[in-house]
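This report refers to the structure that appears directly beneath it.
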């Protein structure tokens with residue numbers, strides 16, 4: 001009995017050390033990528049969006065987004081005359097299959113693509129009780145699905161409604177800004193397939209990125225600036241009715 | 001006076017020694033208590049090391065390895081640069097028309113698997129009547145300058161590529177017809 005107890009006491013710390021190595025995880029996938037060398041955002045040029053839904057379909061395929069859930073979606077706004085406080089907004093199936101034609105009854109009609117704003121001071125990461133969602137050193141808000149409890153605090157906290165609970169994994173899910181692509185030097189799936197260039201990935205730390213020239217020369221807004229979330233998805237030509 | 005002092009001195013000395021003895025008498029309990037606490041602290045440290053992931057706190061209050069795990073996901077869309085390394089003829093055709101800005105996979109779908117193994121994974125043949133209409137079907141919310149048609153009136157159900165070559169969509173040979181349609 002004595003020997004067993006002593007052996008156990010010796011084995012416990014040894015097991016702890018071994019377990020640490022087990023938990024060390026997978027090696028970095030992109031060895032040439034420096035986390036601190038980037039600061040990711042996106043530019044959305046509303047007057048260029050044709051509401052084709054390519055981005056929604058591409059996102060679903062690239063990221064295995066479950067049916068009738070969306071990491072990105074398109075809204076069609078219809079604003080009559082001066083009623084900009086009461087726009088009619090619709091997004092059938094997230095705009096995945098495009099939008100059925102509708103009669104132009106004199107109002108203002110346009111499409112607004114939406115996605116996670118990858119906020120600098122993101123409300124969703126602040127409420128996570130376990131540290132399963134976080135802002136990476138390169139400015140992308142990600143979800144660690146092996147650590148997420150599925151408590152849904154973050155889903156309620158996001159002022160943009162960009163999160164959902166994946167019904168298969170029961171973990172919170174959202175746009176990852178195609179982190180697996182941008183770290184390999186590719187653009188996001190939605191930006192890749194956007195036929196009009198209405199969506200453009202932007203690296204705000206790269207001085208050669210055309211985003212800097214664009215931001216200097218255009219009237220650009222973010223969604224819900226009064227929430228002080230530090231949103232990094234910039235909208236060009238956005239109407240005052242967009243929420 | 002002297003006697004009194006001696007008595008007081010003897011008395012205090014007697015009390016002191018008795019107190020010391022009492023303290024040492026309880027020492028065994030204290031040592032046991034300390035041992036239990038030390039074991040608890042060691043158990044906590046070992047348990048914490050076992051339960052908290054190795055990389056937690058590397059960059060912030062989260063598991064640092066999660067970044068690498070998320071980045072390790074395979075891509076589905078190869079990107080038009082990859083396509084153009086082989087399909088130079090199509091890339092050249094596209095350069096002559098307005099579809100130069102449209103990436104290959106916007107119409108042809110995600111084809112990273114085809115790019116990895118072009119022999120065995122072949123892209124599906126597209127139905128232009130569906131694919132073209134996704135962008136070019138008329139809708140009042142589309143930008144006014146964007147070319148759009150009501151497909152039912154425009155082609156009467158004919159596939160778009162009957163007249164328009166998809167990679168260079170402008171009809172060069174029948175200019176009058178194209179103008180008439182516009």
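The values are calculated or read from the model by the stated rules, or taken from the named source; none is laboratory data. No experiment lies behind these values; they were computed from the predicted model shown. Note that each Cβ is placed from the backbone with ideal geometry, even for glycine, and that neighbours are counted across all protein chains shown.
What are the residues in region A:183-195 that are closer than 13 Å to residue A:43 by Cα and more than 16 Å from the chain's Cα centre (by Cα), if any? Across region A:183-195, the qualifying residue is only A:194.
Of the listed requirements (1) part of a loop (DSSP other than H, G, I, E, B); (2) modelled with pLDDT of 95 or more; (3) more than 9 Å from chain B (Cβ to nearest Cβ); (4) farther than 30 Å from residue B:107 by Cα, residue A:137 misses just one: (3). Just to be sure before I move on: is residue A:152 more than 12 Å from chain B (Cβ to nearest Cβ), more than 25 Å from residue B:78 (Cβ to Cβ) and within 13 Å of the chain's Cα centre (by Cα) in the structure I sent? Answer is no for this residue. Scanning region B:97-116 for residues that are at the interface with chain A (Cβ under 8 Å from one of its Cβ atoms), in a loop (DSSP other than H, G, I, E, B) and under 17 Å from residue B:167 (Cα atoms) yields B:102, B:103, B:109. A count restricted to region B:61-96 and to residues that are farther than 17 Å from residue A:145 by Cα, in a loop (DSSP other than H, G, I, E, B) and within 13 Å of chain A (Cβ to nearest Cβ) stands at 5. Scanning region A:131-149 for residues that are surrounded by fewer than 18 Cβ atoms within 10 Å (Cβ to Cβ) and either under 20 Å from residue A:201 (Cα atoms) or within 15 Å of the chain's Cα centre (by Cα) (or both) yields a total of 1.
Being more than 8 Å from chain B (Cβ to nearest Cβ), farther than 30 Å from residue B:131 by Cα and either in contact with a helix residue (DSSP H, G or I) (Cβ under 7 Å, 6 or more places away or on another chain) or surrounded by fewer than 18 Cβ atoms within 10 Å (Cβ to Cβ) (or both), is that true of even one residue in region A:172-189? There is at least one residue in region A:172-189 that is more than 8 Å from chain B (Cβ to nearest Cβ), farther than 30 Å from residue B:131 by Cα and either in contact with a helix residue (DSSP H, G or I) (Cβ under 7 Å, 6 or more places away or on another chain) or surrounded by fewer than 18 Cβ atoms within 10 Å (Cβ to Cβ) (or both).
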